[in-house]
Amino acid sequence: MQVKVAKSAGFCFGVQRAVDTVYEQVEKGMRPIYTYGPIIHNEVVVQDLEEKGVQVLNSQEELEGLTEGTVIIRSHGVGKEIYDLIQRKGLHCVDATCPFVKKIHRTVERESQAGKQIIIIGNDKHPEVEGIKGWCSTPAVVLESPEQAENFKMLKAVPLCVVSQTTFNYKKFQDLVEILDKKRYDRSVVNTICNATEERQAEARQIAGEVDAMIVIGGSHSSNTQKLFEICRNECKNTYYIQTVHDLNLGVLRSTGLIGITAGASTPKKIIEEVQTRCLN
């Protein structure tokens, strides 16, 4: 059995920066420490941080109940109202928002204030998209599927500004933009899918097309890992989604010649190495 691991697999810059930020706060002895939502969509990392005393805030209501402590904003970012609330409560804010996400916040804030209708291509329920919406001065429209793009209609002649969730499928983004183009709206398109996502998806697609079986590693709630799985599954029917080495079923891989491995942006290097070792042994 041979194994080919994607070079782009694992933590991206923004996730690594966010995780490092939390561990730095732990080492400084800052107590209590909270993250607004899980710092990343990886249960192993979140559990390790919880054991070190880091608590996860799962809602704005939980944040409102705090009277002291450090609140860390995760890489997905949050809306402006969360920053305002942290300030009002007199809490210490440590902002670990990915710089690429921050750039989207500045774009939609500026363009919506200029009177443009913001269109976000992405998953409406994803925390990154919720955060982006929180920087728009008027309600944003979120489109995720070709059907939604086809059904989208502007009631007023307002210019559009189209942005994307940083981890969205690049090909799907292009497809949805093409549908909007046909409607001939006055619009500007800002491709805000980060380079790391594009590279990861392209490499995953290439490897999946070359191997007999593909393993995609990532947290069950990781949006970018789910998109990697979709991309790989289209190229290789024997594609398996796992969270850790314990989910790996070697029985279905025994007769496999070449196995490909990729992982989402929130998957620690240690987990990728454990899966690779198990496949080789």
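The values are calculated or read from the model by the stated rules, or taken from the named source; none is laboratory data. Here the structure is a predicted model, which is why all the values come from computation and not from measurement. Because the Cβ atoms are built from the backbone with ideal geometry, glycine has one as well, and the counts that use them run over all protein chains shown.
Screening THR35, THR107, THR70 for residues that are within 24 Å of ILE217 (Cα to Cα), at pLDDT 95 or above and surrounded by 15 or more Cβ atoms within 10 Å (Cβ to Cβ) leaves exactly one candidate, THR35. Here is the figure for region 216-266: residues that are over 26 Å from GLN165 (Cβ atoms) and in contact with a Leu (Cβ under 8 Å, 6 or more places away or on another chain) total 1. Restricting to region 73-90, name every residue that is out of contact with any Asp or Glu (no Cβ under 9 Å at 6 or more places or on another chain) and touching a residue at least 40 places away in the same chain (Cβ under 8 Å). Those that are out of contact with any Asp or Glu (no Cβ under 9 Å at 6 or more places or on another chain) and touching a residue at least 40 places away in the same chain (Cβ under 8 Å): ARG74, GLU81, ILE82.
Only one entry of ASP175, ASP181, ASP186, ASP212 meets the criterion of being of a type in the set (D, E, K, R), surrounded by 14 or more Cβ atoms within 10 Å (Cβ to Cβ) and within 30 Å of HIS105 (Cβ to Cβ), and that entry is ASP175.
I'd like to check something: does region 160-179 contain any residue that is over 29 Å from ALA263 (Cβ atoms) and of a type in the set (Gly, Ala, Ser)? The answer is no, given that none of the residues of region 160-179 is over 29 Å from ALA263 (Cβ atoms) and of a type in the set (Gly, Ala, Ser). Out of all the residues in region 135-142, is one or more within 23 Å of the chain's Cα centre (by Cα) and under 20 Å from SER223 (Cα atoms)? The answer is yes; a qualifying residue exists. Put simply, of VAL129, VAL56 the only residue that is at pLDDT 95 or above, in a helix (DSSP H, G or I) and surrounded by 14 or more Cβ atoms within 10 Å (Cβ to Cβ) is VAL129. Scanning region 221-235 turns up no residue that is surrounded by fewer than 18 Cβ atoms within 10 Å (Cβ to Cβ) and of a type in the set (Ser, Thr, Tyr). Those residues that are surrounded by 18 or more Cβ atoms within 10 Å (Cβ to Cβ) and assigned to a loop (DSSP other than H, G, I, E, B), I need them from region 114-126; list them, please. Scanning region 114-126 gives LYS116, GLY122, ASN123, HIS126. The single condition from (1) surrounded by 15 or more Cβ atoms within 10 Å (Cβ to Cβ); (2) of a type in the set (Gly, Ala, Ser); (3) modelled with pLDDT under 90 that ALA157 fails is (1). Checking each residue in region 251-275 for being outside any helix (DSSP H, G or I), under 16 Å from GLN2 (Cβ atoms) and modelled with pLDDT of 90 or more picks out LEU258, ILE259, GLY260, ILE261, THR262. Among residues of region 210-234 that are in a loop (DSSP other than H, G, I, E, B), those with a beta-carbon under 8 Å from a residue that is acidic (Asp, Glu) at least six positions away or on a different chain give the pairs GLY219/GLU43; SER220/GLU43. Out of the residues in region 230-281 that are small (Gly, Ala, Ser) and within 19 Å of the chain's Cα centre (by Cα), state the one that is farthest from HIS41 (Cα to Cα). That would be ALA263.
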